[in-house]
1. Taking a point 7 angstrom from the Cα of D144 along the C-beta vector, which residues in segment 226-268 have backbone N less than 17 Å away?
2. At 0.36 nm per residue, and after removing the present C-alpha to C-alpha distance, how many nm does the segment from W294 to K450 gain when stretched out fully?
3. Please enumerate, by chain and number, the lysines with C-alpha under 22 Å from the C-alpha of K56, excluding those fewer than 8 residues away in the same chain.
4. How high is the relative contact order of segment 379-467? Use alpha-carbon pairs under 8 Å, at least six apart in sequence, and give a whole percent.
5. Extension gain E167-T265, at 0.36 nm per residue separation less the Cα-Cα distance, in nm?
6. By how many degrees, 0 to 90 and rounded to 10, does the Cα axis of helix 31-41 deviate from the longest principal axis of the chain?
7. Please order D23, D91 by the number of other Cβ within 10 Å, starting at the fewest.
8. Quick check: convex hull over the Cα atoms of the chain, volume per residue in Å³, rounded to an integer?
Amino acid sequence: MERKNERSKGKKVQINGVGITNDTLTSRGGLSLFVRYLDMIGVMSSLNSLFGGIRKSRKSQRVEEIFKQVLCHFVDGTNRHLVHFDKLKEDAGYAGGIESRPEELVSSYSIKRFFNRFSWPRIWLFRRLLQGLFMWRLKLKKPDVIELNIDTMVMNNNEAEVRHGVEPTYKKEKGFQPLQMTWERFIVDAVFRGGSKHSNHGDTVEKMVRHIVKKIRTKYRSNIPIIIKMDSGFFDQKLFEVFEELHIGYVVSGKLYDDIKDYVTMVDVAEWKQYLNKKQVWDYIEFMDKRGSWKKARRAIYCRPWYEDSQMLMDFARPDTILYTNLGRGETIDELLTNAGRHDLIVAEKVIECAHGRGRDELVHRAFKDFGHEELPFKRFAPNATYYYTMVLAFFLFESFKEDVCSTVIPITAYATTARRTLIDIAAKIVKKAGKIILKVNSATWNSLKFNVLWEKCKTPPLFVWA
């Protein structure tokens, strides 16, 4: 009798059939938070101001509406192919979740035509917008010192069909290699380039630095100390002279030439100092170094690690490095750091620590690839550049969204995959009641995410003021 009752209890939850509901449902309820955030910070009006001229007819879809759907496509991350827009176009629940009418959803053909309309003068406007957003975040955080990292990022398009600009990269794979400037978790400026363009190709880095320094000192603070961090691919006297002319600091990895190796082998053991970083120990020495074509000597710090993952390294296995910097040389940057209360940054240990921070800076590239994708959809270079810059813009806004709205639910350092599973991929029902549209989630989602709190934060975010 008892076994019979157990069987009957199990049958009560068994699904006996399937059917169709006319309710408006969405599996991406969290996109509503992101869309409301975009609307309230005011960035959509800036997109319309910069790119509204692309719309040639009133019959075509509004530019800000297309951008909203493309940004949501990146944040959603379900499918990287443009044909996914055709599937979304049939989903009334998705339309309701991103606050669009079903007839406003665009097809893949419309998206392709949209990206193909951009000419290079318009494409460069994305950089202006990114820099404006950077000024917005600076004014919110108010840092005393700005540390910027410059590096290239390889986008592997080796398996894609023929693409204009897809060329062999230093990673021995074909793709694009954009130059990117990062600050904390954000990509604040970028130059989209072909894969064969090396780190310090042409005068791109110089122009990028000059422009961003002028923007910071004009729009944020004129006396703010700025430090640029780069790897050995940017080891160039011409760049050092530009940084010194601009009165900014730099910490750049150098190249281990034979004469430098010979010199350090002759240095007395007593002159070596140690730098401790958690479980790792570094020996280092300081000296002034002048390469053959240089006009003056510069401060160099030669480092060699003693430990790697709690294991002491043998002499032949030590990855020695050398750093070049103008910090601590009595230049204007030292005075700016002193006035900002950060005179400690000129000490050798802090310079080494600053260089090691590049590892964290490079995590921005990893987070960006986790958010977006490396293979670009078009065959021509210009539409691929537009697509890339739109992806960078979406990444910047998504990182801002996590910080301004979601920091109580997920860590702001969480990768996009984690954020999507937690915040975006939630079931919701959209209902109309008393002339209002209401987004409903189940009680478990409501309580675990404090959904009402997130909604209120989306309605009152820090306003983006064009700089």
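1. Under cut-off, by backbone N: 226-227.
2. Value of the extension gain: 50.2 nm.
3. Filter leaves K68, K112.
4. 23
5. 31.2 nm
6. 60
7. D23, D91
8. 220
Every number in this text was worked out from the coordinates using simple rules, so none of it is lab data. This structure is a prediction, so every number in the text was calculated from the model and none was measured. Reconstructed Cβ throughout: ideal geometry from the backbone, glycine too, with neighbour counts over all protein chains shown.
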